[in-house]
Amino acid sequence: MHKISSINAIQVFDSRGVPTISCKVFLEDGTSASAMVPSGASTGSKEALELRDNDISYDGKSVMMAVNNINETLAPLVIGKDPNNQKEIDDLLISFDDTEDKSKVGANAILAVSLSVAHVAAKANKISLYEHFSRVYKDITDDHAVHSMPLPMFNILNGGEHADNNIDIQEFMIIPSGAKNFVEVMQWATEIYHNLKKILLKNSHATSVGDEGGFAPNLESNKEALKLIVDAIKETGLIPGKDVNIALDCAASEFFNGKEYVLSGENKKLTSSEFVDYLHDLTNDYPIVSIEDGMDENDTEGWRLLTEKLGSSCQLVGDDLFVTNKKILKDGISKEMANSILIKFNQVGSITETIETIYFANQNNFKSIISHRSGETEDTTIADLAVGLGIGQIKTGAPCRSDRVAKYNRLLWIEEESDNILLK
Ligand code: 2PG
Ligand code: MG
């Protein structure tokens, strides 16, 4: 295998028009590949640090320090290395930074290098990125992954930090659980999405969209959002709770004031146990099979209660709660919080650590869901990670807006080009 000969990073822009990093890695024979880093809006407080310049340009959000860290500091560490050795390279970057939260060079800088090394290795080996991820998984964990197509959660109605409407819950997602393959998954999702638009129009609601491509109307309540979605599923000729289920991402840390869950859209202030009951009622009334960040990331008692009450019937996903961090996940498991984990590369900052967290989750019977960020690019790496590790679930926004659809389109090609990769 040809060794890494040079690395070049530049500042590019994400789906919100905010600066981010694109990084290209070259091998000695001229082979090159690049990757881009996403960015969140409703972030967990323990996420690895996204290094921004905090000066007058781009409202403080430029990433030139992180870009320069790649070009001047990280590149010399990695040049001369074999790109197949993902773990060795990631470990070098991590130990050079030597901070808990990657604040010295920036998690965005480390991740940009980590991702583009994987891309160039796959290209040089003349295999798909998902196949390469399986090899990396085997190297890191000694476990075999079985390729599978992930079932998506499509975020078709946006609220919270991702939209300027009055809906408190951040994401209302549909899961085409009964679809026979990924082509059918996409047909159902897009048809429901377009029927939802028609229903919103008929009821004189706005059809503008939020950060993840879902509609962002002002509504009376979270229940009204759920009702509209159920209507759209039925309008499509599908059966709610059988063909298509619903998932929520409450992103509850965004509306917890330290004491109460403040649902300003419906004028309610609820204690932890009242909010658990509120969510429980929603699951009784609607076909909700998954709830992410149902409680605030520091509300340990609330999480315990939610898990006790709903954990056997509903997937309870920790996002801000676990921030893709194995140590934090381990602590959460010991406290009996949640039963699943959302996986985002940039919360932890490297491929190796992401894979270690997924493996640890597997070992503890926690499900993993691979996820985009609300600030995305045309990069489709997460689609390959989901297939390569056979994760089974992905959430990457509405079936609308190219930053979201790029991942779904990549999955369509993977299904097309392989005979034996089936929906999990
Ligand atoms: C989430 C994500 C992605 P953000 O909360 O799960 O949907 O949002 O990237 O803003 O953290
Ligand atoms: Mg979330």
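The values are calculated or read from the model by the stated rules, or taken from the named source; none is laboratory data. The structure displayed is predicted, hence computed values, not measured ones. In this analysis, Cβ positions are derived from the backbone assuming ideal geometry, glycine residues included, and neighbour counts consider all displayed protein chains. In case anyone asks, the SASA skips ligands and DNA or RNA and just uses the protein heavy atoms, side chains included. Shrake-Rupley method; radii C 1.70, N 1.55, O 1.52, S 1.80 Å.
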Report the extension gain between K223 and D82 in nm, rounded to one decimal, defined as 0.36 nm multiplied by the number of residues separating them, less their alpha carbon distance. 45.4 nm
Ranked by GNM mean-square fluctuation in the chain (Cα springs under 10 Å), the top entry among L385, L201, L238 is L201
Report, in degrees rounded to the nearest 10, the 0 to 90 angle that the Cα long axis of helix 107-124 makes with the longest principal axis of the chain. 70
As a quick test, which of the pairs K61/K326; K24/K407; K24/K104; K102/K309; K104/K424 have an alpha carbon distance above 30 angstrom in this structure? K102/K309; K104/K424
Amide H to amide H under 5 Å from E292: which residues, 5+ apart in sequence or cross-chain, H placed 1.01 Å off N in plane? L248, D249, C250, V317
The correct ranking of F133, F26, F360 by accessible area at 1.4 Å, largest first, is F26, F360, F133
With θ taken as phi - 60° and the coefficients 6.51, -1.76 and 1.60, list the Karplus ³J(HN,Hα) couplings across segment 409-417 in order, rounded to whole Hz; mark glycine and proline as x. 5, 4, 5, 4, 5, 4, 4, 4, 8
First compute the accessible area of the chain with a 1.4 Å probe, then give the percent of it belonging to carbon and sulfur atoms. 46
Once every Cα of segment 239-293 carries one equal point scatterer and solvent is ignored, give the base-10 log of I(q)/I(0) from the Debye formula at q = 0.28 Å⁻¹, two decimals. -1.17
Which residue fluctuates most in the GNM of the chain (Cα springs below 10 Å): Q363, Q170, Q86? Q363
Within 10 Å, count the other beta carbons around each residue, average over each peptide in 335-344, 138-147, and list them highest first. 335-344, 138-147
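Rounded to the nearest 500, what is the 222 nm mean residue ellipticity of the chain from helices alone, with -39500 (n - 2.57) per DSSP H run of 4+ residues and division by all residues?
-11500 deg cm²/dmol
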Over what distance in Å are the Cα centres of segment 341-386 and segment 84-138 separated? 13
Using the basic label-point model (7 angstrom from Cα toward the beta carbon), what is the I239 to Q363 distance in nanometres? 4.1
Once amide hydrogens are built 1.01 Å from N within the peptide plane, the residues lying 5 or more places from A48 or on another chain with amide H under 5 Å from its amide H are V348
Efficiency of FRET between K268 and H194 - r from beta-carbon atoms, R0 30 angstrom, step 0.05: 0.40
I56/N181 FRET efficiency (R0 41 Å; Cβ-Cβ; nearest 0.05): 0.20
Convert each backbone phi in segment 75-85 into a coupling constant with the Karplus relation 6.51 cos²θ - 1.76 cosθ + 1.60 (shift: θ = phi - 60°), then list the ³J(HN,Hα) values in order as whole Hz, x for Gly and Pro. 3, x, 5, 9, 4, x, 8, 7, x, 5, 8
Could the peptides 279-289, 245-255 be put in order, highest first, of the mean number of other beta-carbon atoms found within 10 Å of their residues? 245-255, 279-289
If the elastic network links every pair of Cα atoms under 10 Å, which of I174, I127, I382 fluctuates the most in the Gaussian network model of the chain? I127
Too long for a 29 Å Cα-Cα cut-off, among K259/K330; K87/K344; K81/K395, are K81/K395
